[in-house]
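What follows is a set of notes on a single structure, which appears directly below.
None of the figures in this text is laboratory data; all of them are computed from the coordinates on show. The structure displayed is predicted, hence computed values, not measured ones. Backbone-built Cβ (ideal geometry, glycine too); neighbour counts: all protein chains shown.
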Amino acid sequence: MTKNSEEGSFFRSQKFTDWPTVKEALIAKEIGGAFILAPMAMQLAADDVPIKVVHLGHRDGTAIVVRVDSGIRDFADLRGKVIAIPSRYANQNILMHRMMKTWGMDFDSMELREVPPPEHPTALREGSIDAYIVGEPFAAKAEVDGFGRVLYHTKDIWEEFISCVLVVHEDLIEGERELVAELVDGIAKSGKWLDEDLEHRMDAAEVAAELYYFQPPELLKYVLSKPVDRVKYTNLAPLEEEFDEIMNLAVEIGVLSEEIAFSEYADTSFSKPLEELDWDMDRLPPVGGAGTEETTR
Amino acid sequence: MKLRIAIGSLAWVLLITCLHVQLNVGWARLVSIAAGRRELIVGFLPVT
């Protein structure tokens with residue numbers, strides 16, 4: 001995210017290391033918006049936290065990973081195993097239950113254990129879990145390091161999978177509507193640019209690795225190209241039927257305490273058709289000249 | 001002598017202020033705020 005939009009507004013990213021802290025910062029209005037887990041956004045809205053989902057972060061970009069020497073060949077082989085999930089409020093948790101239903105398995109067929117995403121690869125390598133499901137780059141990490149094998153990419157088991165969503169405070173939507181629109185337009189434009197050309201993705205991997213993810217650029221380049229549709233950055237408008245499916249499953253497994261209507265936690269008015277979005281930029285400037293600012297907590 | 005101390009003190013305060021802006025605020029942000037531009041902080045975790 002650059003410091004200034006074309007209109008001159010100042011956007012600043014703040015990195016967090018765990019979901020509860022992001023949630024608290026949102027509630028305390030220390031930040032105006034955040035990328036958070038889709039079911040978490042629903043639960044916050046159900047708890048009367050005044051936020052709205054205005055855009056998606058990406059599509060897909062999650063995988064179920066097992067050890068390369070594991071005998072696990074399909075989902076049925078996960079019966080009785082320990083599988084790490086990033087959070088109870090992650091859509092990855094919902095996906096595992098959706099898969100259990102599809103495969104005719106009881107919800108207690110496997111142990112789903114909450115593990116912070118960066119610890120998933122290590123836990124698999126050390127044998128404390130049998131598999132994990134997590135967002136990138138931690139799925140690719142085990143592959144690149146040679147001890148992990150992707151059992152399923154989400155694109156192959158839940159098409160157009162949703163993981164993180166962009167939420168903003170309702171008072172910003174009401175009082176600073178143009179600012180929110182600038183943010184959503186910027187994210188949508190950069191997503192379109194990313195999906196246009198593999199070279200764009202490689203440029204973005206260099207910048208994101210050094211300034212935001214603090215991971216080797218090669219890992220992010222792998223994520224963005226092996227295969228190229230492993231994670232997608234277009235088609236990011238929140239769609240009611242997709243969120244309803246997540247919400248219904250979340251209620252069924254007890255992640256959400258009650259049903260919540262799409263209109264109570266989502267605002268689709270900021271999403272524009274891709275044809276209306278264009279970013280007049282070919283390649284990214286080298287790292288150091290990108291003009292970025294980011295804080296961590 | 002007093003004038004030199006006053007100028008020295010002023011220069012020191014200016015230097016500290018500039019370093020504070022550079023380290024803790026950032027010049028681009030300061031210019032944006034001074035120009036009345038709007039600001040939005042967005043939180044994220046480095047995982048998709």
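Please list the non-local residues whose amide H lies under 5 Å from the amide H of residue A:266, H modeled 1.01 Å from N, same-chain partners needing a gap of 5 or more.
Amide H neighbours of residue A:266, under 5 Å, 5+ apart: A:53.
Could you give the length gained on full extension between residue A:81 and residue A:47, defined as 0.36 nm per residue of separation minus the Cα-Cα distance, in nm?
8.9 nm
When only DSSP loop residues count, what trypsin sites (Lys or Arg not before Pro) in segment A:48-152 have their Cβ near at most 13 other Cβ atoms within 10 Å? Each step should come with its number before you reach the end.
On the way: sites: A:52, A:59, A:67, A:73, A:79, A:81, A:88, A:98, A:101, A:113, A:125, A:141, A:149; in loops: A:73, A:79, A:81, A:88.
Loop-located and lightly packed - A:73, A:79.
Take the residue pairs A:141/A:232; A:192/A:226; A:189/A:221; A:29/A:192 and return only those whose Cα atoms are more than 23 Å apart.
Going by Cα-Cα distance, A:29/A:192 fall outside the 23 Å limit.
Which whole-percent values make up P(r) of segment A:62-157 when all C-alpha to C-alpha distances are grouped in 5 Å steps starting at zero?
P(r) over segment A:62-157, rounded to whole percents: 3, 15, 29, 29, 18, 6, 1.
Give the percent of DSSP beta bridges with both residues in chain A that are antiparallel, rounded to the nearest 5. Please report the intermediate quantities before stating the final value.
Working: 25 of 35 bridges.
Of those bridges, close to 70 percent are antiparallel.
Once amide H atoms are built 1.01 Å from N in the peptide plane, which residues 5 or more positions from residue A:113, or in another chain, come under 5 Å H to H?
Those lying under 5 Å, H to H, from residue A:113 are A:83, A:84, A:85.
Helix B:2-20 versus the longest principal axis of chain B: what angle, 0 to 90°, nearest 10, using Cα atoms?
Roughly 10 degrees, rounded to the nearest 10.
Calculate the mean, over all residues of peptide A:10-18, of how many other protein chain Cβ atoms lie within 10 angstrom of the residue's Cβ.
The shielding value for this peptide is 5.
Calculate the radius of gyration of the Cα atoms of chain B to one decimal place, then report Dmax, the largest Cα-Cα distance, as a whole number, both in Å.
Taking only Cα atoms of chain B, I get Rg and Dmax of 17.5, 62 Å.
For residue B:28 and residue A:74, what is the calculated FRET efficiency with R₀ set at 45 Å and r taken between the beta-carbons, to the nearest 0.05?
Details: r = 52 Å, r/R0 = 1.15.
Calculated value: 0.30.
Restricting the count to DSSP beta bridges whose residues both fall in segment A:62-157, what percent are antiparallel, rounded to a multiple of 5? Before the final figure, lay out each step's value.
Numbers: 10 of 16 bridges.
Approximately 60 percent, going by the DSSP bridge assignments.
Give the average over all directions of the projected area of the C-alpha convex hull of chain A, one decimal, in nm².
Computed as one quarter of the Cα hull surface, the answer is 14.8 nm².
Of chain A, which part is the longest with no chymotrypsin sites (Phe, Trp or Tyr not before Pro) in a loop (DSSP not H, G, I, E, B) and with at most 13 other C-beta atoms within 10 angstrom?
Value returned for the longest uninterrupted segment is A:108-213.
To the nearest 500 deg cm²/dmol, what mean residue ellipticity at 222 nm is calculated for the protein assembly as shown from DSSP H runs of n ≥ 4 alone, each contributing -39,500 (n - 2.57), summed and divided by the residues?
After summing the helix terms and dividing by residue count, I get -11500 deg cm²/dmol.
Kindly write out, for segment A:266-283 in residue order, the coupling ³J(HN,Hα) from the Karplus curve 6.51 cos²θ - 1.76 cosθ + 1.60 (θ = phi - 60°), rounded to whole Hz, with x marking Gly and Pro.
Working through the residues one at a time gives 10, 9, 8, 6, 8, 7, 10, x, 4, 4, 7, 10, 8, 10, 7, 8, 9, 10 Hz.
Can you compute the FRET efficiency between residue A:272 and residue B:1 using 1/(1 + (r/R0)^6), with r the Cβ-Cβ distance and R0 = 51 Å? Round to the nearest 0.05.
Efficiency computed from Cβ-Cβ geometry: 0.15.
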